[in-house]
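Q: Here you go, one structure.
The values are calculated or read from the model by the stated rules, or taken from the named source; none is laboratory data. Keep in mind that this is a model prediction, so the values were computed, not measured. Positions of Cβ are generated from backbone atoms using ideal geometry, with glycine treated the same way; all protein chains shown enter the neighbour counts. Remember, those area values only see protein heavy atoms, side chains included, never the ligands or the DNA or RNA. Shrake-Rupley method; radii C 1.70, N 1.55, O 1.52, S 1.80 Å.
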Amino acid sequence: RARVEIQYLIFLSQNTRIVRKLEAKEISYLESLWTNFNIEDAKKVKEFEAKINHDVKAVELYLRQVFKQKGLQKLSPFIHIGLTSSDTNNIAQSLLLKEFKNEILEPTLIQITRLLKKLSVQYKASVLLARTHGQPAVPTTFGKELINFLNRLQKQHFKIKNFKFEAKINGAVGNYNALNFVYPKTNWMEFSTKFLRKLGLKENLYTTQILPYDNLIEYFQTILIINGILIDLSSDIWIYSMLGLINFEKSKKHVGSSTMPQKINPIEFENAEGNLMFANSSIAFYQQKLLVSRLQRDLTDSTISRTFGSTLSHCI
């Protein structure tokens, strides 16, 4: 949120006459406020929020305080000018999810697919009896079965890699009302498009007060499919282990069972299955709820979207 408010202010100064042209050293300082933002800064924001009971306004008040300390108080009125809280929030959320995609999700997928590729080559000639309907069928190889999962994951990874996050910055009900009234000569649709693209986001110009969740649901749906593929893989590995077709490496330090030390249980696959199923139940709920918002806005989505982080943590 602090990043969005600061970059909005800088962009106003560079692309309109509303805010004076900022000097390079001023821009550098303002950028440092969000790049160096830490837990102590967050606590100061929360102190404001405890008094006024508004999360986004608390960020604005915190920035006003910092600006005053640096003699930049004349910029304070323009920090949030013409925006609605949802403008700040939806952009911040899209940036967070994009950061998660680039820094956490994709590297994890690459790690898994590389390992699957390595194992599929290693066991390409390891013959086992395939089973259909649980009954003995015809031969396959363990490597071939792993390639099936590799192929499925690579298709979904391609979708994730090329996914474009949307955002909007168009005021109280999506019509630029305040900005257009006060500064009618500025093309605010063009302005918002340029601003969002600079942040690496795709503009959505047709919204109510909130950004429709259609775009984020598409993102989560792809993650749901990835989770489903990994649940399938975990389940199959568990069954191959149960049938005695594969064995797990035994650590000299780990204890497989408190009473049966000979056991090597497939606990990592069981844990993965449980976590992925839990995450998918949340994603299924997102699909059901977040596509619906009463008229121009209701707040039921706000508390739900705060669970995105924990859901994605279960995925990982």
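Q: Any idea how many residues of region 257-288 are over 23 Å from I223 (Cα atoms) and either surrounded by 13 or more Cβ atoms within 10 Å (Cβ to Cβ) or among the aromatic types (F, W, Y) (or both)?
A: Counting residues in region 257-288 that are over 23 Å from I223 (Cα atoms) and either surrounded by 13 or more Cβ atoms within 10 Å (Cβ to Cβ) or among the aromatic types (F, W, Y) (or both) gives 3.
Q: Under the condition of being of a type outside the set (A, V, I, L, M, F, W, C) and part of a helix (DSSP H, G or I), which residue from region 60-75 is surrounded by the fewest Cβ atoms within 10 Å (Cβ to Cβ)?
A: Q69
Q: Collect the residues in region 13-33 that are open to solvent by 10 Å² or more (accessible area, probe 1.4 Å) and small (G, A, S), keeping them in residue-number order.
A: A24, S28, S32 - these are the residues of region 13-33 that are open to solvent by 10 Å² or more (accessible area, probe 1.4 Å) and small (G, A, S).
Q: Of the conditions (1) without any contact (Cβ under 8 Å) to a residue 40 or more places away in the chain; (2) surrounded by 14 or more Cβ atoms within 10 Å (Cβ to Cβ), E190 clears all except one; give me its number.
A: (2)
Q: Among E40, E26, which is the only one that is in contact (Cβ under 8 Å) with a residue 40 or more places away in the chain, more than 23 Å from the chain's Cα centre (by Cα) and assigned to a helix (DSSP H, G or I)?
A: E26
Q: Could you please tell me which pairs satisfy a Cβ distance under 6 Å, a separation of 6+ or placement on different chains, a first residue in region 161-176 that is in contact (Cβ under 8 Å) with a residue 40 or more places away in the chain, and a second residue that is in a loop (DSSP other than H, G, I, E, B) and surrounded by fewer than 15 Cβ atoms within 10 Å (Cβ to Cβ)?
A: V173/Q296
Q: Does K185 satisfy being open to solvent by 80 Å² or more (accessible area, probe 1.4 Å), under 34 Å from the mean Cα position of the chain (by Cα) and farther than 30 Å from L146 by Cα?
A: Values: open to solvent by 80 Å² or more (accessible area, probe 1.4 Å): yes; under 34 Å from the mean Cα position of the chain (by Cα): no; farther than 30 Å from L146 by Cα: yes.
No; evaluated as a whole, the condition is false for this residue.
Q: Can you give me the number of residues within region 112-147 that are part of a loop (DSSP other than H, G, I, E, B) and either surrounded by 14 or more Cβ atoms within 10 Å (Cβ to Cβ) or among the small types (G, A, S) (or both)? Working first, answer last.
A: Our first condition is that a residue be part of a loop (DSSP other than H, G, I, E, B); within region 112-147, this holds for 123-126, 133-134.
Remaining after also requiring either surrounded by 14 or more Cβ atoms within 10 Å (Cβ to Cβ) or among the small types (G, A, S) (or both): 123, 125-126, 134.
Here the count works out to 4.
Q: Further question: Can you tell me how many residues within region 289-316 are open to solvent by 60 Å² or more (accessible area, probe 1.4 Å) and within 18 Å of the chain's Cα centre (by Cα)? Can you show your working first?
A: We begin by selecting, within region 289-316, every residue open to solvent by 60 Å² or more (accessible area, probe 1.4 Å); these are 291-292, 294-297, 299, 303, 306, 310, 313-314, 316.
Retained after the next criterion (residues that are within 18 Å of the chain's Cα centre (by Cα)): 291, 303, 306, 310, 313-314, 316.
Qualifying residue count for the region: 7.
Q: Further, regarding this structure: If you scan region 96-111, which residues turn out to be open to solvent by 80 Å² or more (accessible area, probe 1.4 Å) and under 30 Å from E5 (Cβ atoms)? Walk me through how you get there before you give the answer.
A: Step one: filter region 96-111 for residues open to solvent by 80 Å² or more (accessible area, probe 1.4 Å), giving 96, 99, 103, 111.
Once the filter is applied, which keeps residues that are open to solvent by 80 Å² or more (accessible area, probe 1.4 Å) and under 30 Å from E5 (Cβ atoms), region 96-111 yields L96, E99, E103.
Q: Which condition number in (1) at pLDDT 95 or above; (2) farther than 20 Å from A92 by Cβ is the one that G200 fails?
A: The number of the failed condition is (2).
Yes/no matrix, rows are residues, columns are (1) surrounded by 13 or more Cβ atoms within 10 Å (Cβ to Cβ); (2) part of a helix (DSSP H, G or I); (3) of a type in the set (D, E); (4) over 29 Å from the mean Cα position of the chain (by Cα):
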| site | (1), (2), (3), (4) |
| --- | --- |
| F11 | yes, yes, no, no |
| A50 | no, yes, no, no |
| A58 | yes, yes, no, no |
| P77 | no, yes, no, yes |
| H80 | yes, no, no, no |
| S86 | yes, yes, no, no |
| S94 | yes, yes, no, no |
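Q: Additional query: Return the residue satisfying two criteria in turn: it lies in region 196-230 and is acidic (D, E) and over 19 Å from V4 (Cβ atoms), and of such residues it is farthest from the chain's Cα centre (by Cα). First the steps, then the outcome.
A: First, pick out the residues of region 196-230 that are acidic (D, E): 203, 214, 218.
If we keep only those that are over 19 Å from V4 (Cβ atoms) too, we end up with 214, 218.
Details: D214: 14, E218: 12 Å.
Residue satisfying both the conditions and the ranking: D214.
Q: Within region 148-169, how many residues turn out to be touching a strand residue (DSSP E or B) at 6+ places or on another chain (Cβ under 9 Å) and surrounded by 15 or more Cβ atoms within 10 Å (Cβ to Cβ)?
A: Step one: filter region 148-169 for residues touching a strand residue (DSSP E or B) at 6+ places or on another chain (Cβ under 9 Å), giving 164-169.
Next, from what is left, pick out any that are surrounded by 15 or more Cβ atoms within 10 Å (Cβ to Cβ): 165-169.
The total comes to 5.
Q: Here's a follow-up. Which pairs do you get when a residue that is under 16 Å from I237 (Cα atoms), found in region 256-269, comes within reach of a residue that is modelled with pLDDT of 90 or more and surrounded by 10 or more Cβ atoms within 10 Å (Cβ to Cβ), reach meaning Cβ atoms under 6 angstrom, with the pair 6+ apart or on two chains?
A: Every condition considered, the pairs that remain are P266/W238; P266/S241; F269/S234; F269/I237; F269/W238.
Q: While we're on this one: Pairs needed: first member in region 206-229, surrounded by 18 or more Cβ atoms within 10 Å (Cβ to Cβ) and modelled with pLDDT of 95 or more; second member anywhere, among the aromatic types (F, W, Y) and not in a helix (DSSP H, G or I); C-beta distance under 6 Å; at least 6 residues apart or different chains.
A: As it stands, the answer is Y219/F163, since those pairs meet every condition given.
Q: Given the conditions (1) touching a Phe, Trp or Tyr at 6+ places or on another chain (Cβ under 6 Å); (2) among the aromatic types (F, W, Y); (3) at pLDDT below 95, report the number of the one that Y183 does not fulfil.
A: (1)
Q: Still on this structure, I have one more. Which count do you get for residues in region 27-53 that are more than 17 Å from K70 (Cβ to Cβ) and either aromatic (F, W, Y) or modelled with pLDDT under 95 (or both)?
A: Of the residues in that region, 1 qualify.
Q: Can you tell me how many residues within region 155-181 are over 21 Å from T207 (Cα atoms) and not basic (K, R)? Steps first, please.
A: Initial filter on region 155-181 (over 21 Å from T207 (Cα atoms)): 155-162.
Narrowing further to those that are not basic (K, R): 156-158, 160, 162.
Of the residues in that region, 5 qualify.
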